[in-house]
């Protein structure tokens, strides 16, 4: 397992726990034949929002796991700012999701697999709010393998 | 009125018509005490989706006018790609909305006022899909004045 932190921030034990919760969400996406990405939103040790990719089922590009987790958490809190929260997501957020994270002023983002093609950091790390710390590579292999094998199976079928 | 096109593409008469429709949506946002931004999504001369900013009412950063227009248009078409469509929006899309537009592969984006602070183009024009043409500055003054006077009134109240 490779850990890589953009902020040189050490990983903390609860990161493993909550990334496993995000992986459960990713498996729900897989079961629905969606690109397997999952997310949970955590505030003070408690999951207050979660989501998994539903872009195919909903015919909606905005239905990424992170976007649903943001909306769910904001509903739970009754406020749109997530300044004491951490987003756990199995794949590096895309530009849309990182742009949404900016508006939430979220404290921390922890992601699993890096996404060199569509991840926000290929474009600019400044997409996130200055208050937001982020770290990538938690369960990198497991998160990455999930997506890779999904596309491999799709290619073999076509 | 200042026209400025990133693609040197000429504006077409229907752009004025549909930007006025987007302005109507922006006025609905204003009436609801939201930052006044409106959007319509047009396919073959027909409005197939629209939205206005509802981030305060819904306590949800993802409730930008454009995001709602994308979701509505995808629902209407029964597909998530908007490759024959044009988005008209009164303010230059932010990074989140431009990132969503990327996934839709939309043909064209026409926006009103430039947003030097939060508009996507300050970061990179490459956020959009290579297939997407965009043009800004249609009814620039009217669209811009709407937002400026909203914030001016807020400041005067506080």
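Just so it is clear, none of the values below were taken in a lab; they were calculated from the coordinates. All of these numbers come straight from a predicted model, not from anything done at the bench. Cβ: placed from backbone, ideal geometry, glycine included. Neighbour counts: every protein chain shown.
Surrounded by 24 or more Cβ atoms within 10 Å (Cβ to Cβ), away from every other protein chain (no Cβ under 13 Å) and not in a strand (DSSP E or B), is that true of residue B:138? Reasoning before the result, please.
Values: surrounded by 24 or more Cβ atoms within 10 Å (Cβ to Cβ): yes; away from every other protein chain (no Cβ under 13 Å): yes; not in a strand (DSSP E or B): yes.
In short, yes.
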* Restricted to region B:115-135, and to residues that are assigned to a loop (DSSP other than H, G, I, E, B) and surrounded by fewer than 14 Cβ atoms within 10 Å (Cβ to Cβ), which residue is nearest to the other protein chains (Cβ to nearest Cβ)? -> B:117
